[in-house]
Amino acid sequence: MYPDFLPIIPAVLPLAVAPLCLLIKHNLLCWSLTVAVMLISCVTSFFTLGQLSTHDELTYPFGGWDAPVGIEYSIDHLNGVLLFFISSIGLLLTLLYSGSLRSELKSSKHYFFYTAFLLTFGGLVGVIATADAFNAFVFIEISSLGTYILVALGKDKKALLASYRYLIFGTIGATFFVLGVGILFVLTGSLNFLDISNRLESLEKPVAQFTAMSFIIIGLLIKSAIFPLHAWLPASYKYAPSLVTCFFSAISTKVSLYLLIRMLFDVGNVNSLIGRPIIEDIFFFLALASIFFGSFAAYFEKDIKKLFAYSSISQVGIILIGISVATVDGLSASLAHFINHGLTKGFIFAIVCFLGSALGGTSFKRFAGIGRVYPILSALLVFGCFSLIGVPGTPGFITKFTLISSLISSGNIMLAFSVLLLSILSVAYCWRIVELVYFEESDINKATLQHNRMQIVPLYILLSVLAACMIYVSFDTTFTIGYAKIAAEQLLF
């Protein structure tokens, strides 16, 4: 029997420790506190996930005020896995990848980095754990505040422009979201997810409900970087510090998509929203546009970081397809893709960011012929590309196969073909990577090779753990498809 306050620790602890880092201003101590917070969050989220084997849902009312009067935190199969995943990724990166800050950030700014990172982490976890619509907005703003700071800390001056662009898009997205929440509050007099849903069922105001959910959907699609609302993402991934890029690529868009699923299926009446031809058609169009735009933009991109950033936009399109079909198998594939794609992109960007630091940039010219200089890292990069393509034996294959099967069984042949075509397009831009790494001439000198030896051992440990996780979830789908199916059944039935 575990304490009932476990669900709130991953959200509350980072927000409590962040001001301490700002006051202490000691780099090593701030790093130690950050790692400790990540570890505690990981352990508590693991125990919370274990409790879901005997409970459908775990709740914690703040201040002893039960919902809908008070703010409630709720953990179920939908967010329990995501909570453990984000905590695990945060722990691995802060423990094993923080060495990258030495070459990218002045020592005097490290404590400020860890403060902003804890704010971002706490905000993202809060969005996942809360069962209160306005509280979700508050956590979105907390995570956004930290995110803007983290991106702006990049060593290139263009990081400031990337952060400003992110701020503009983030503010617009949050405004749309809170407007929708406000309309729901006027309609129902409540902010609790379950209570809003129950009260909406007895109301006969479909236009107002549709308007509220439309505002919420638009706001969250901006946060999720769906085409054509994606403009903030490529530059943010390109110019943010390496640790931030790795963390964002694995986590950030998934949290917004999670909240979109929660609002659609738990709060709004999914049958009246997804079932409406206009919403369904718009979702399908946006998903297909994201898939094809992301793939083509990645193919013509000349920078490795931006190439994989555009690839993430196409992968978000796959998740949106699974959401839009609103079937158990389709939704299960989307939820599982949160984890599978998160592992893959975190793995890829850990390699790309390290090599970019060692080679002095991430342009194609810098990466030419590195297969002869960094053979192990190059082979691991190709393995990550295989997962993006969906080669059997990789995490990407599991979710794409499940999604295509569900689309065919539901009669959506065109969408199934589109997902299959994405894999073909992924082969095209991934082959550019293979060709660049192995078949182009290299001009790297030996001085460059010795530049990052202090970081390479922790990097190999990190990549070994992530690769082991990728292989594990490729053959044992209990943690991904298994939990996702339970969550999808709870959402739909």
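Values in this text are rule-based calculations from the coordinates and carry no lab data. What you see is a predicted model, and the numbers here were worked out from it, not measured in a lab. Methodologically, a virtual Cβ is constructed for each residue, glycine included, from the backbone with ideal geometry; neighbour enumeration extends over all protein chains shown.
Per residue, the convex hull around the alpha carbon atoms of region 74-197 comes to 98 Å³.
With q set to 0.11 Å⁻¹, the log10 of I(q)/I(0) for region 232-353, from the Debye formula over equal scatterers at the Cα positions, is -0.39. Applying a DSSP loop filter and a limit of 15 other Cβ atoms within 10 Å to the trypsin sites (Lys or Arg not before Pro) in region 299-329 leaves K302.
Averaging over all projection directions, find the projected area of the Cα convex hull of region 153-291 and quote it in nm² with one decimal place.
It is 8.7 nm².
Only helices enter the 222 nm calculation for the chain: every DSSP H run of n ≥ 4 contributes -39,500 (n - 2.57), and dividing by all residues gives -25000 deg cm²/dmol, rounded to 500.
With the convex hull drawn over the C-alpha atoms of region 1-144, the volume per residue is 108 Å³. Here the peptides 31-37, 55-61 are ranked by packing, the mean other Cβ count within 10 Å, and the order with the highest first is 31-37, 55-61. Principal axis extents of the C-alpha atoms in region 276-493 (largest first, rounded to whole Å): 60, 33, 23.
About its Cα centre, the dipole of the chain is roughly 1960 debye, where the only charges are +1 on Lys and Arg Cβ and -1 on Asp and Glu Cβ.
Order by neighbour count: S290, S242, fewest other Cβ atoms within 10 Å first, most last.
Least to most surrounded, the residues fall as S242, S290.
Among the cysteines of the chain, those whose beta-carbon sits 4.7 Å or more from every other cysteine beta-carbon are C42, C246, C353, C469.
For each pair in K157/K345; K155/K400; K155/K345; K254/K306; K205/K254; K109/K238, compute the distance between the two Cα atoms and list the pairs where it is over 28 Å. Long pairs (Cα-Cα over 28 Å): K155/K400; K205/K254.
With Cα Rg over 2.2 N^0.38 Å as the read-out, I listed [x] 0.98; [y] 1.04; [z] 0.93; which label goes with the value calculated from this structure? Comparing each candidate, only [z] matches the computed number.
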